[in-house]
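Asks: Sharing a structure, written as structure tokens. Questions coming.
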Amino acid sequence: MSDTAQMWITAVPPFGDDDVGVLLGIDIQSDAPGQRLVSRLLNRGHEGEEGVFYLLADDLCARYERTDDRLAVSLLAWPEVVNAESADGDDAVRRAVDELPREVGGGRIVLLRREIVTDFVPEHGPDGSQPVLLVDHAGPAPLAALFAAFAEGDASFAVVNAD
């Protein structure tokens, strides 16, 4: 599935129609090691509003990058967190995790990177950039289906701080 089919600039129902932000779909059935790890890290979230979880920056964080008309979002985690979450995996999983890229100069592991063409510029303040929202789901799904799954209790949103 392409980045543009898994990344949206949109308002998200639990947060209101005026709060537009970046939403990434996380397929909990994906075979991609980084996406599988993100899915597992979502279990570390702390529930706020019903069905909305907040992750600690030490567990998972996001980073925005803008190049011309493209906005990229990366989800990153510290090696210790990734090792703890992949410890019970088989050798093939551990090798796949070892091959995930590292951020330059920071040491965190890049679990997922997506980009789209957009003129949207995330807000940036003294406490960092606008958070990235994740929605977990089983299998590929369009945005309307993800919102419907959330309304039915079959999907949840996670809020990930961006630095």
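The values are calculated or read from the model by the stated rules, or taken from the named source; none is laboratory data. Everything quoted here is computed from the prediction, not taken from an experiment. Because the Cβ atoms are built from the backbone with ideal geometry, glycine has one as well, and the counts that use them run over all protein chains shown. Calculation scope for accessible area: heavy atoms of the full protein, side chains included, ligands and nucleic acids excluded. Shrake-Rupley method; radii C 1.70, N 1.55, O 1.52, S 1.80 Å.
Asks: In 5 Å bins starting at zero, report the fraction of Cα pairs in segment 101-163 per bin as a rounded %.
Replies: Going out from 0 Å in 5 Å bins, segment 101-163 shows 4, 13, 16, 21, 22, 15, 8, 3, 0 percent.
Asks: While we're on this one: Quick one: what are the phi-derived ³J(HN,Hα) couplings along segment 143-148, Karplus 6.51/-1.76/1.60 with θ = phi - 60°, whole Hz, x for glycine and proline?
Replies: 4, 4, 5, 5, 5, 5
Asks: Next question. Does anything in segment 32-75 have its amide N under 19 Å from the 7 Å Cα→Cβ label point of Glu152, and if so which residues?
Replies: Flagged as within label range: 51-52.
Asks: Can you send over the carbon and sulfur percentage of the accessible area for the chain, probe radius 1.4 Å, protein chains only? Display every interim value, and only then the final one.
Replies: Working: 4180 of 8390 Å².
Accessible surface attributable to carbon and sulfur in the chain totals 50 percent.
Asks: Oh, and also: Taking θ = phi - 60°, what integer Hz values does the Karplus form 6.51 cos²θ - 1.76 cosθ + 1.60 yield along segment 17-23, in sequence order, with x for Gly and Pro?
Replies: With coefficients 6.51, -1.76 and 1.60, one gets 6, 8, 8, 8, x, 8, 10 Hz.
Asks: Quote to one decimal, in nm, the extra length available between Thr10 and Glu123 on full extension: 0.36 nm per residue of separation minus the C-alpha distance between them. Let's see the in-between values first.
Replies: Numbers: separation 113, 0.36 × 113 = 40.68 nm, distance 1.40 nm.
Here the segment from Thr10 to Glu123 would lengthen by 39.3 nm.
Asks: For segment 20-163, with the dipole built from +1 on Lys and Arg beta-carbon atoms and -1 on Asp and Glu ones, taken about the Cα centre, which of Asn83, Val22, Pro126 lies farthest toward the positive end?
Replies: Towards the positive end, the residue furthest out is Asn83.
Asks: How big, on average over all directions, is the shadow cast by the Cα convex hull of segment 33-163, in nm²? Provide the component values of the computation, followed by the final result.
Replies: Numbers: hull surface 36.5 nm².
Seen from a random direction, the Cα hull of segment 33-163 projects 9.1 nm² on average.
Asks: Residues of the chain: accessible area per residue at 1.4 Å, in Å²?
Replies: Per-residue accessible area for the chain comes out at 51 Å².
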